[in-house]
Amino acid sequence: MDGFKTHSSHWGAFYGRQQDGKLEIQPHPADPHPSPLLGNLPAIAHSPARIRRPAVRRGWLERKPKNAERRGNDGYVEVTWPEALDLVANELRRVHGESGPRAIFGGSYGWSSAGRFHHAQSQIHRFLNVLGGYVRSVNTYSSGAAMVIIPHVLGPYDSFDRKSVTWEAIERSSELIVAFGGMAVKNTDVHGGGISRHVVRPALSGARARGARFVLISPLKDDIATDLDAEWLPVTPGTDVALMLGIAFVLISEGLHDRRFLDRYTVGYPRFEDYLLGREDGVEKSPQWASGICGIAAGTIVDLARSMASARTLITVSHSLQRADYGEQPVWMGIVLSAMLGQIGLDGGGFSYSLGALGNIGKSQLAVPLPTLKQFHNPVPDFIPVARIADMLLNPGGPFHYNGHALHYPNIRLVYWAGGNPFHHHQDLNGLRQAFKRPETIIVHETAWTSSARHADIVLPATTTLERDDIGAADRDPMMLAMKKLIEPVGEARDDYEIFADIAERLGKREAFTENRSTREWLAFLFETTRHALAADSHPAPDFETFWDRGELRLPLRPDDGGPARVFRDDPDTNPLPTPSGKIEIFSETIEGFGYEDCRGHPRWYAPDEDAMAAESHYPLYLVCNQPYSRLHSQLDYGDFSRSTKIDGREPVRINPADAAERGISDRDIVRLFNARGSCLAAAVISADVRPGVMQLATGAWFEPDNADAEMAMCIHGNPNILTRDAGTSQLAQACTGQLTRVNVERFTGELPPVRILEGMTFTGG
Ligand SMILES: Nc1nc2c(c(=O)[nH]1)N[C@H]1C(S)=C(S)[C@@H](COP(=O)(O)OP(=O)(O)OC[C@H]3O[C@@H](n4cnc5c(=O)[nH]c(N)nc54)[C@H](O)[C@@H]3O)O[C@H]1N2
Ligand SMILES: Nc1nc2c(c(=O)[nH]1)N[C@H]1C(S)=C(S)[C@@H](COP(=O)(O)OP(=O)(O)OC[C@H]3O[C@@H](n4cnc5c(=O)[nH]c(N)nc54)[C@H](O)[C@@H]3O)O[C@H]1N2
Ligand SMILES: [Mo]
């Protein structure tokens with residue numbers, strides 16, 4: 001194609017070219033279902049939201065007393081690059097000198113962009129390690145509870161179930177797919193690092209055409225592709241564990257559970273059975289009991305249990321279920337339920353965590369390693385579970401529990417962020433606004449004037465991938481792509497790598513950071529990892545220049561052989577799981593030994609804490625705060641596709657017709673959502689695809705406060721994190737619980753303030 005060059009993103013491979021000053025994007029021709037998110041990319045080249053020059057917050061620059069309190073409501077002054085780099089270097093030197101690396105938070109969570117070299121997380125961690133280390137964060141907002149519970153009960157995260165069940169096996173063999181939290185098509189658009197082919201839809205349609213049956217368990221009807229004719233069980237949010245227990249109860253009462261499997265492959269089943277049958281607490285977890293909690297009729301639960309026991313059944317549990325109060329439980333209980341069915345390790349049966357939550361889960365494993373930038377060693381022992389950022393900043397020295405450890409929060413003086421947007425991803429933004437007033441200095445590298453950039457003291461403009469060369473590759477994706485520079489850097493934006501190299505130079509560490517390689521030399525060097533492995537296995541192994549000229553390289557895959565689950569099933573004595581018992585832990589002595597009330601030795605039902613709040617304070621509606629279909633998180637909210645989904649510039653909130661009628665709300669009305677923590681405006685979309693009593697507002701609209709001085713700001717754009725609660729899943733994982741909250745809603749009758757945050761920063765005065 002004329003003048004088109006290959007490139008890649010978290011939502012797909014594509015070709016791009018600059019034509020008559022406009023950026024044209026074409027999906028990769030081999031992608032059967034390109035993502036509509038590609039439509040957000042052209043705005044990168046010209047949007048006023050882009051950061052064009054380094055900028056410094058006025059109060060910080062002038063060292064005004066108590067200036068940190070003005071963060072989020074202060075003016076910015078543009079400075080030259082040398083001035084900005086000097087300021088950052090001097091500040092790092094000062095804080096390091098006075099307090100050492102333990103006063104610097106570099107957790108810097110965020111997806112940043114695809115590209116193996118310029119990956120902002122890798123760059124910032126490498127940079128901070130070269131300087132002597134930093135306080136880090138562990139686990140992810142995506143999967144924080146599962147990442148802690150799964151190693152206790154199955155073995156290392158991502159090494160067992162997510163490597164066992166493939167789309168091919170589902171197409172070939174699954175008869176019944178029970179999807180807790182669904183497998184929303186929009187979610188499979190995306191995979192961290194890239195996704196060259198969107199194959200989920202054809203695979204599931206293939207299974208359906210063969211006669212497979214799908215059951216969707218979710219408050220939203222469109223959490224699964226419509227052509228699958230799925231049976232929709234509109235569960236009450238946060239109650240899946242009760243439903244799973246009800247199913248398990250039927251299996252036992254009717255003798256449908258697989259005793260041989262439980263004996264041979266699991267440990268601790270009898271303790272769990274005591275709980276299930278009520279011998280432990282006097283409460284039988286019967287279908288009637290479950291029905292009263294989850295809102296699904298007892299008869300339906302009985303029928304579902306019987307079908308699950310009489311077919312090749314796959315249970316999937318989405319990320320979303322564990323991003324809520326007691327999020328460890330649904331993942332663990334999903335595993336236990338699959339173990340009771342005895343199908344773990346059978347083709348197209350068993351359990352898969354997060355299948356359908358990300359596009360590459362369920363694809364075959366790569367047979368070669370991918371290029372990876374070395375991050376060096378971090379000698380600092382302190383860390384936080386990633387979603388405890390506000391707690392850390394607000395409570396220096398304060399105690400917290402995590403996975404069997406009693407720990408203390410470090411005392412952070414400087415925060416350094418590159419490639420993430422905490423004012424997108426964190427909960428209770430009014431709380432986060434307070435927390436961000438605490439450190440002495442906040443430094444952010446950003447591509448655009450996001451809310452996080454607007455809470456920083458020093459803002460350094462970073463290029464996007466379109467403005468630089470890189471290598472695109474991701475786990476389970478069979479295509480490596482040359483990500484070729486498509487446009488010149490916008491304004492004075494520079495690559496994170498160059499920015500860090502110049503700061504390192506001022507601190508006498510340039511060579512340690514760069515190893516004297518240019519970007520191009522780094523790409524060629526990193527490529528060698530994969531080329532060596534290809535050559536060693538007698539696969540075509542072109543040199544870097546050949547790969548770069550061709551634009552792409554097919555990578556070999558491991559056979560689709562049932563993975564670790566099959567290996568374990570075939571011979572559990574020779575191939576035990578890396579758990580304390582070598583088996584699937586239905587009861588974990590380790591977890592029981594931690595003595596946590598909120599996560600004990602086997603999975604159990606806990607009523608969500610949010611329910612207590614709702615009863616007390618009259619917030620009767622559940623709000624599902626899920627991933628947006630119109631963008632990746634907050635990325636490119638200024639892009640054309642994301643903007644096309646807004647109404648009057650606001651994010652749409654879906655409301656069931658009955659809930660809307662009760663409140664006199666009509667389609668496209670601007671509404672105010674509120675609870676005890678905050679409020680936001682959004683545009684009503686009335687839809688019967690949302691269960692009664694539930695509303696849905698996707699994440700990712702850039703947070704814009706109505707009054708940046710107010711302690712309780714309202715977001716005028718529609719960011720649900722102004723409403724969510726900032727509390728860990730439990731003392732075990734301390735993971736993000738942002739998926740669900742409780743709110744009320746009313747028509748907004750005040751004067752509608754214009755949304756300005758997507759239009760960039762206004763610099764006033766001199
Ligand atoms: N309520 C609620 N909250 C949630 C969730 C939820 O379900 N409900 N989901 C959570 C989940 S699963 C996740 S993963 C998080 C996502 O949270 P984040 O990963 O923080 O969200 P992104 O919008 O992807 O932020 C990436 C930022 O990096 C910037 N960026 C991109 N490329 C580059 C680069 O090359 N260099 C630099 N310096 N910056 C770059 C982008 O402009 C963007 O602002 O949100 C979490 N938050
Ligand atoms: N287009 C797009 N795709 C994405 C992303 C994006 O930003 N945009 N983000 C990616 C990332 S980082 C991640 S981690 C994954 C996240 O994957 P998930 O966390 O699985 O995705 P969500 O869309 O947040 O939630 C999926 C669905 O779960 C349902 N749900 C919520 N609460 C409950 C409950 O209590 N019970 C049941 N049964 N269902 C419930 C909601 O209806 C919701 O639509 O998505 C990835 N895919
Ligand atoms: Mo995520």
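The values are calculated or read from the model by the stated rules, or taken from the named source; none is laboratory data. These numbers were taken from a predicted model, which means no experiment stands behind them. Glycine gets a Cβ as well: all are built from the backbone with ideal geometry, and neighbour counts include every protein chain shown. Note: areas computed on protein heavy atoms with side chains; ligands, DNA, RNA excluded. Shrake-Rupley method; radii C 1.70, N 1.55, O 1.52, S 1.80 Å.
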In the stretch 63-81, how many are part of a loop (DSSP other than H, G, I, E, B) and either in contact with a strand residue (DSSP E or B) (Cβ under 9 Å, 6 or more places away or on another chain) or at pLDDT below 95 (or both)? 10
With the checklist (1) surrounded by 24 or more Cβ atoms within 10 Å (Cβ to Cβ); (2) of a type outside the set (Ser, Thr, Tyr); (3) touching a Phe, Trp or Tyr at 6+ places or on another chain (Cβ under 9 Å) in hand, flag the one item Gly349 doesn't pass. (3)
State all residues of the stretch 4-40 that are in a helix (DSSP H, G or I) and open to solvent by less than 10 Å² (accessible area, probe 1.4 Å); if no residue qualifies, say none. Leu37, Asn40
Just one listed residue, out of Gly100, Gly155, Gly132, is away from ligand 3 (no atom under 16 Å from the Cβ) and without any contact (Cβ under 8 Å) to a residue 60 or more places away in the chain, and it is Gly100
Residues of the stretch 699-722 being assigned to a loop (DSSP other than H, G, I, E, B), open to solvent by 20 Å² or more (accessible area, probe 1.4 Å), of a type in the set (A, V, I, L, M, F, W, C) and touching a residue at least 12 places away in the same chain (Cβ under 8 Å), which ones? Ala708, Met712
Counting just the residues of the stretch 372-399 that are farther than 19 Å from Tyr134 by Cβ and touching a strand residue (DSSP E or B) at 6+ places or on another chain (Cβ under 7 Å), which one comes out surrounded by the most Cβ atoms within 10 Å (Cβ to Cβ)? Gly398
All but one of (1) crowded, with 24+ Cβ neighbours inside 10 Å; (2) at pLDDT 95 or above; (3) under 23 Å from Asp158 (Cβ atoms) hold for Ala305, so report the exception by its number. (3)
Tell me whether the stretch 641-654 contains one or more residues that are touching a Ser or Thr at 6+ places or on another chain (Cβ under 8 Å) and away from ligand 2 (no atom under 16 Å from the Cβ). no
Residues being open to solvent by 60 Å² or more (accessible area, probe 1.4 Å) and either free of Cβ contacts under 8 Å to residues at least 24 places away in the same chain or under 22 Å from Asp469 (Cα atoms) (or both) - total across the stretch 41-53: 3
Considering only the stretch 663-675, I want to know if a residue exists there that is of a type in the set (Asp, Glu), in contact with a Lys or Arg (Cβ under 7 Å, 6 or more places away or on another chain) and under 27 Å from Arg433 (Cβ atoms). no
Here is a check on your reading of the model: is Ile757 at pLDDT 95 or above, in contact with an Asp or Glu (Cβ under 6 Å, 6 or more places away or on another chain) and open to solvent by 50 Å² or more (accessible area, probe 1.4 Å)? no
Checking Asp477 against (1) within 30 Å of Ser730 (Cβ to Cβ); (2) within 20 Å of the chain's Cα centre (by Cα); (3) touching a residue at least 40 places away in the same chain (Cβ under 8 Å), the condition it does not meet: (1)
Flag if Val56 is part of a strand (DSSP E or B) and either surrounded by fewer than 16 Cβ atoms within 10 Å (Cβ to Cβ) or of a type outside the set (Asp, Glu) (or both): yes
Evaluate the stretch 315-335: report whether one residue or more is open to solvent by 20 Å² or more (accessible area, probe 1.4 Å), more than 16 Å from ligand 2 (Cβ to nearest atom) and in the same structural domain as Arg569 (by TED's automatic domain parsing). no
Within the stretch 172-189, can one find any residue that is in the same structural domain as Glu467 (by TED's automatic domain parsing) and among the aromatic types (Phe, Trp, Tyr)? no
Could you run through the stretch 62-76 and say how many residues are crowded, with 19+ Cβ neighbours inside 10 Å and either within 25 Å of Asp496 (Cα to Cα) or charged (D, E, K, R) (or both)? 4
Give the residue, chosen from Leu87, Leu128, Leu61, that is under 23 Å from Leu407 (Cβ atoms) and either within 16 Å of ligand 2 (Cβ to nearest atom) or not hydroxyl-bearing (Ser, Thr, Tyr) (or both). Leu128
When you scan the stretch 443-450, do you find a residue that is farther than 30 Å from Gly12 by Cα and open to solvent by 10 Å² or more (accessible area, probe 1.4 Å), even just one? no
For the stretch 135-161: of the residues being in a strand (DSSP E or B) and touching a Lys or Arg at 6+ places or on another chain (Cβ under 9 Å), which is nearest to ligand 2 (Cβ to nearest atom)? Ser137
Restricted to the stretch 307-327 and to residues being part of a helix (DSSP H, G or I) and in contact with a helix residue (DSSP H, G or I) (Cβ under 7 Å, 6 or more places away or on another chain), the residue farthest from ligand 1 (Cβ to nearest atom) is Ala309
